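Student: Right, I'll just put the structure down here and ask away after.
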Amino acid sequence: MIIAANLKTNLTRKTTLDYLGELNSFIQKNHISQEVLVFPAMSSLNSCDGDVILGAQNAYATKNGAFTGEIGLEQLEEFSIKTILIGHSERRHILGETQEEIVKKFNYYKKLGFKIVYCVGEPLEKREAGKEEMMQYISSQYKGIDTMYENLIIAYEPVWAIGTGLTPTLVDIENIHTDLKAKSSAPLLYGGSVKVTNAKEVLTLKNVDGILVGSAALYVEHFCTMISYAQDLSQ
Ligand code: PEP
C-alpha cells in the first residue's frame, strides 16, 4: 500500500528533519514494507537517506528561470527529489491553478520520469448535484492526463472532506473508487480527513490502494500508526 503525508504549510526545516528521523526509525524498527511518501513544505525539502520517499507539494514546469515564488527542476534535483504532488485541491481552488496549467506541469514532470501523485475530487456543490454531475466534474480533472503513465498514483480527495473532519461513507468511497479504477488502473489513494480512528476501515476497502493524509499526519506518531495498519492489512 501507499501511505502519504501532505504536510502543507506546516513544520519548519528543523521540525521536518525531526519528523523524518522519527518516521525513518519507525519504518526500520518495524520492518515496514509499505511505500511511505512525505510532501514537506518547500523550504523543508532535503536529501533523504532513509526509506521515506520525499516529494514536492508543487513545482513549476521549468528547469529554472524568472518565475518569482516558484521552484523548478533545478531546485528539486539538488535534493534528488523525483516525486511530485500535482492537482491538489488547495492549489486548484485557493491558488487558482487551472486544468490547463496542471496538465502542463503533469507533462513536464512525466517526461522527466517523476512519480506523480495526481489529485482529483469534487467540491460540495458538485456532490450535492448528484452522481452524474459529480462524476462529470471529476472526469474533467482527467482531461489531458496520461492515465496510463507508469509512475502515476491517483488520489481521490473530495474537496469538502479535506481538513473538515467530514468523510464520505465507506460505501461511497468504495463506489467512487470502483468508478475511478475504470478510468485508470494506477494505484488509487483516498484522501480527506483520514485519521487514526478511520484509517483502518478506509484501507480495507476494495480499490483503495492507500491513503493521502493531511492534518492527522502532522503528528508523526499518528502517521506511524496508520502505516502500521497498512502493514498489518498487507500481510
Ligand atoms: C490533503 O490535504 O491532501 C488532505 C487529505 O488533508 P486532510 O487529511 O487534512 O483532510
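The values are calculated or read from the model by the stated rules, or taken from the named source; none is laboratory data. Worth saying up front: this structure is predicted, and the values here are computed from it rather than measured. For neighbour counting, all protein chains shown are included, and Cβ atoms are generated from backbone atoms with ideal geometry for every residue, glycine included. These accessible areas exclude ligands, DNA and RNA; they are computed on the full protein's heavy atoms, side chains included. Shrake-Rupley method; radii C 1.70, N 1.55, O 1.52, S 1.80 Å.
Student: Please list the radius of gyration and Dmax for the chain, considering alpha-carbon atoms only, with Å as the unit.
Tutor: When restricted to the Cα atoms of the chain, Rg and Dmax are 16.8, 49 Å.
Student: Holding the Cα-Cα limit at 27 Å, pick out from Lys111/Lys206; Lys104/Lys181; Lys63/Lys181; Lys115/Lys181; Lys29/Lys200 the pairs that are longer than that. Can you show the working numbers first?
Tutor: Values: Lys111/Lys206 31 Å; Lys104/Lys181 23 Å; Lys63/Lys181 33 Å; Lys115/Lys181 18 Å; Lys29/Lys200 21 Å.
The pairs that break the limit, which is 27 Å between Cα atoms, are Lys111/Lys206; Lys63/Lys181.
Student: At a threshold of 8 angstrom on Cα-Cα distance, excluding pairs fewer than six apart, so keeping six or more, what relative contact order does the chain reach in percent?
Tutor: On the way: 418 pairs, mean separation 48.8, N = 235.
21 percent.
Student: Something else: Just want the answer: with Cβ charges of +1 for Lys and Arg and -1 for Asp and Glu, which residue in Ala161, Asn46, Ile173 is farthest toward the dipole's positive end in the chain?
Tutor: Asn46
Student: Length gain on complete extension for the stretch Thr225 to Lys200, per 0.36 nm per residue less the alpha carbon to alpha carbon distance? Walk me through the intermediate numbers first.
Tutor: Numbers: separation 25, 0.36 × 25 = 9.00 nm, distance 0.97 nm.
Gain on extension, Thr225 to Lys200, equals 8.0 nm.
Student: Still on this structure, I have one more. How much accessible area does Lys200 have with a 1.4 Å probe, in Å² rounded to the nearest 10?
Tutor: Here the accessible area works out near 100 Å².
Student: A further question follows. Report the FRET efficiency, 1/(1 + (r/R0)^6), for Lys14 and Glu132, where r is their Cβ-Cβ distance and R0 is 35 Å, rounded to 0.05. Don't skip to the answer; put the middle values down first.
Tutor: Values: r = 49 Å, r/R0 = 1.40.
The computed FRET efficiency comes out at 0.10.
Student: Based on Cβ point charges of +1 for Lys and Arg and -1 for Asp and Glu, what charge dipole magnitude is obtained for region 2-234 about its Cα centre, in debye rounded to the nearest 20?
Tutor: On the way: 22 positive and 28 negative charges, 47 e Å.
Rounded to the nearest 20 debye, it is 220 debye.
Student: Would you mind classifying region 116-212 by shape? Square roots of the alpha carbon gyration tensor eigenvalues, ordered a ≥ b ≥ c; an a/c under 1.5 is rounded, otherwise it is prolate if a/b is larger than b/c and oblate if not.
Tutor: Values: a/c = 1.65, a/b = 1.13, b/c = 1.46.
The shape class here is oblate.
Student: Return the sequence-ordered ³J(HN,Hα) values of region 140-145 in whole Hz as given by the Karplus equation 6.51 cos²θ - 1.76 cosθ + 1.60 applied to θ = phi - 60°, using x for Gly and Pro.
Tutor: Per-residue couplings from phi come out as 5, 7, 8, 4, x, 9 Hz.
Student: Heavy atoms only, probe 1.4 Å: what % of the accessible area of region 2-234 goes to carbon and sulfur, would you let me know? Don't skip to the answer; put the middle values down first.
Tutor: Numbers: 5520 of 10700 Å².
Its accessible area is 52 percent carbon and sulfur atoms.
Student: Taking a virtual spin label 7 Å from the Cα of Phe79 along the C-beta vector, which residues in region 20-50 bring their backbone nitrogen under 12 Å of it?
Tutor: Output list for this probe position: 20, 38-49.
Student: Moving on to the next point. Count the net charge of all other residues whose Cβ sits under 10 Å from the Cβ of Tyr229, scoring Lys and Arg as +1 and Asp and Glu as -1.
Tutor: On the way: positive: Lys200; negative: Glu201, Asp232.
Result for the neighbourhood of Tyr229: -1.
Student: Sort the following peptides by mean Cβ neighbour count (other Cβ atoms within 10 Å, averaged over residues), highest first: 2-10, 186-194, 68-76. Before the final figure, lay out each step's value.
Tutor: Numbers: 2-10: 20.8, 186-194: 23.7, 68-76: 14.4.
Put in order of decreasing packing, that is 186-194, 2-10, 68-76.
Student: Might you tell me the accessible area per residue for region 87-235, computed with a 1.4 Å probe and given in Å²? Could the numbers behind the result be given before it?
Tutor: On the way: 6770 Å² over 149 residues.
That works out to 45 Å² per residue.
Student: In what sequence, largest accessible area first, do Asp18, Asp209 appear using a 1.4 Å probe? Don't skip to the answer; put the middle values down first.
Tutor: On the way: Asp18 75, Asp209 45 Å².
If we order Asp18, Asp209 from most to least accessible, we get Asp18, Asp209.
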